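Asks: Can you keep this structure in mind? I'll have questions shortly.
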Amino acid sequence: MTEPNPYADGEYKWGPTPGTPPGNPPTGAPGVPEYDFPNPTLADGVAGAPTAGYGYPGATPAPGYGYPQSGAMSPVPTGATGTPLVSIGDITVVGDSIITPSGTLPLRGAVWNATDMSRTEEKIPTHAIILAIVFFIFCLLGLLFLLMKEKTTTGFIQVTVTSGGRHHSTMIPATNAGTFQMVMGQISYARSISAM
């Protein structure tokens, strides 16, 4: 890889220019940086620098996202009153509406779906293998420790709701093998009140 390209035909030659000793600084005009930022900053003291605003010191925060408003904010969007009937992940059914982080959906005619994306694995735990080896030496009853099983459930249950031309999806972690049945019970109740 130290030989230059024989097919270069006088094009760009890689590596240092011949005659410059290694370790020398780049040859630029003194006091002129080799590179510069495209926009000046307030620290540069340039008149055309951006004025104080979001992300710059001395800015007065504008009302909106991330700043508390002067009025008291209600935790439930307007139009949804009453106690929650069912809550599935971050989807809450209140009165005649479905409250999601992406907005409020009408309850009537909502379509609910659930997808089981979890799996349950059954394996012999490590301590059972160690006990089987230790007690196998003393008596053959140590092999009974290999009958010990450990079930672990991993994954999520995806719940989607579609209503009023809008769609929201949430993921519920599966903690055990019965999580999907629990979520399906909640969805069955939500379907029944959506049909009213």
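Asks: Restricting the search to segment 93-122, which residues are among the small types (G, A, S), part of a loop (DSSP other than H, G, I, E, B) and exposed (fewer than 13 other Cβ atoms within 10 Å of the Cβ)? Break it down stepwise before answering.
Replies: Looking only at segment 93-122, we keep the residues that are among the small types (G, A, S), and these are 95, 97, 102-103, 109-110, 114, 118.
Imposing the further condition that a residue be part of a loop (DSSP other than H, G, I, E, B) reduces the set to 95, 102, 109-110.
Passing the criteria: S102, G109.
Asks: Scanning for something aromatic (F, W, Y) and touching a residue at least 12 places away in the same chain (Cβ under 8 Å), does segment 126-143 turn up at least one residue?
Replies: Residues of segment 126-143 aromatic (F, W, Y): 135-136, 138.
Keeping just the survivors that are touching a residue at least 12 places away in the same chain (Cβ under 8 Å) gives none.
No: zero hits.
Asks: Looking at this structure, is I137 surrounded by 13 or more Cβ atoms within 10 Å (Cβ to Cβ) and not in a loop (DSSP other than H, G, I, E, B)? Quick ask: steps written out before the conclusion?
Replies: Details: surrounded by 13 or more Cβ atoms within 10 Å (Cβ to Cβ): no; not in a loop (DSSP other than H, G, I, E, B): yes.
Answer is no for this residue.
Asks: Only one of these conditions is not met by V159: (1) open to solvent by 80 Å² or more (accessible area, probe 1.4 Å); (2) within 30 Å of A190 (Cβ to Cβ); (3) in contact with a helix residue (DSSP H, G or I) (Cβ under 7 Å, 6 or more places away or on another chain). Which number is it?
Replies: With respect to (1) open to solvent by 80 Å² or more (accessible area, probe 1.4 Å); (2) within 30 Å of A190 (Cβ to Cβ); (3) in contact with a helix residue (DSSP H, G or I) (Cβ under 7 Å, 6 or more places away or on another chain), V159 is out only on (1).
Asks: Count, please, the residues in segment 174-196 that happen to be outside any helix (DSSP H, G or I) and open to solvent by 20 Å² or more (accessible area, probe 1.4 Å).
Replies: As a first pass, look at segment 174-196 and keep what is outside any helix (DSSP H, G or I): 174-178, 195-196.
Then keep just the ones that are open to solvent by 20 Å² or more (accessible area, probe 1.4 Å); that gives 175-178, 195-196.
Residues that pass the stated criteria total 6.
Asks: Please go through segment 137-196 and pick out each residue that is within 28 Å of the chain's Cα centre (by Cα) and basic (K, R).
Replies: Residues satisfying the conditions are K151, R166.
The values are calculated or read from the model by the stated rules, or taken from the named source; none is laboratory data. All figures in this text were calculated on a predicted structure; none of them were measured in a lab. Backbone-built Cβ (ideal geometry, glycine too); neighbour counts: all protein chains shown. Quick note on the areas: whole protein, heavy atoms, side chains included, nothing else; ligands and nucleic acids left out. Shrake-Rupley method; radii C 1.70, N 1.55, O 1.52, S 1.80 Å.
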